[in-house]
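Encoded as structure tokens, the structure appears first; notes follow it.
The values are calculated or read from the model by the stated rules, or taken from the named source; none is laboratory data. On a predicted model such as this, the values are computed, not experimentally measured, just so you know. Glycine also receives a Cβ, built like all others from the backbone with ideal geometry; neighbour counts cover every protein chain displayed. These area figures cover heavy atoms from the full protein model, side chains too; ligands, DNA and RNA do not enter into them. Shrake-Rupley method; radii C 1.70, N 1.55, O 1.52, S 1.80 Å.
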Amino acid sequence: QVQLVESGGGLVQAGGSLRLSCAASGRTVSGYAMAWFRQAPGKDRDFVATITWRPGTTYYADSVKGRFTISRDNAKNTVSLQMNSLKPDDTAIYYCAAGSFSGIRTSDRSYNYWGQGTQVTVFS
């Protein structure tokens with residue numbers, strides 16, 4: 001079993017930055033793909049970004065490409081999401097997810113483990 005705990009959410013003005021972190025514990029996430037999803041009020045949970053185990057290939061939703069960067073530290077079992085140039089539309093609960101597969105997948109149904117989420121609120 002893998003436990004995922006997100007941190008780093010908060011309130012930020014439009015144009016600002018936040019860095020989210022996700023720490024995995026329990027079973028190692030070696031070999032797992034890691035991803036971030038988000039869910040705004042009244043909306044479905046949407047894919048944000050993913051990173052493979054090795055070689056650490058990344059893939060982003062069009063809405064965040066060029067503004068967000070996903071990274072992972074395999075030795076520390078952590079994954080991060082650096083979010084720059086934030087917009088009010090980025091307001092959502094952000095979830096960390098882990099999937100026991102290689103390659104790139106953007107469907108939330110592909111991921112086995114989920115964190116509790118961290119709130120990000122961007123005001124104009």
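Once you charge only the Cβ atoms, +1 for Lys and Arg and -1 for Asp and Glu, what is the size of the charge dipole of the chain about its Cα centre, to the nearest 20 debye?
On the way: 13 positive and 8 negative charges, 50 e Å.
Dipole of the chain, to the nearest 20 debye: 240 debye.
Which percent of the accessible area of the chain is formed by carbon and sulfur heavy atoms (probe 1.4 angstrom)?
That fraction is 45 percent.
For segment 1-48, which trypsin sites (Lys or Arg not before Pro) pass both filters: DSSP loop (anything but H, G, I, E, B) and at most 10 other C-beta atoms within 10 Å?
Filter output for segment 1-48: LYS43.
Less than 12 Å from a label point 7 Å out along the Cα-to-Cβ axis of ASP62: which backbone N atoms in segment 83-110 qualify, by residue?
The answer is none.
Pull up all non-local amide H partners of LYS87: gap of 5 or more, or a different chain, and H-to-H distance under 5 Å with H placed in the peptide plane.
GLY15
For the chain, I need the span (max minus min coordinate) of the C-alpha atoms along each principal axis, in Å, sorted largest to smallest.
40, 27, 24
What is the distance in Å between the Cα centres of segment 38-73 and segment 92-123?
Going from one Cα centre to the other spans 8 Å.
Could you give each residue of segment 103-119 its phi-based ³J(HN,Hα) in whole Hz, using Karplus coefficients 6.51, -1.76, 1.60 with θ = phi - 60°, and x for Gly or Pro?
x, 9, 9, 10, 8, 5, 5, 7, 9, 8, 10, 9, x, 7, x, 9, 7
Among the trypsin sites (Lys or Arg not before Pro) within segment 69-124, which fall in a DSSP loop and have no more than 13 other Cβ atoms within 10 Å of their own Cβ?
Those that pass, being in a loop and sparsely packed, are LYS76.
In the neighborhood of THR91, defined by Cβ-to-Cβ distances under 13 Å, what is the net charge if each Lys or Arg adds +1 and each Asp or Glu adds -1?
Local charge sum for THR91: 0.
May I ask you to give the solvent-accessible area per residue for the chain, in square angstrom, as obtained with a 1.4 angstrom probe?
About 51 Å² of surface per residue is accessible.
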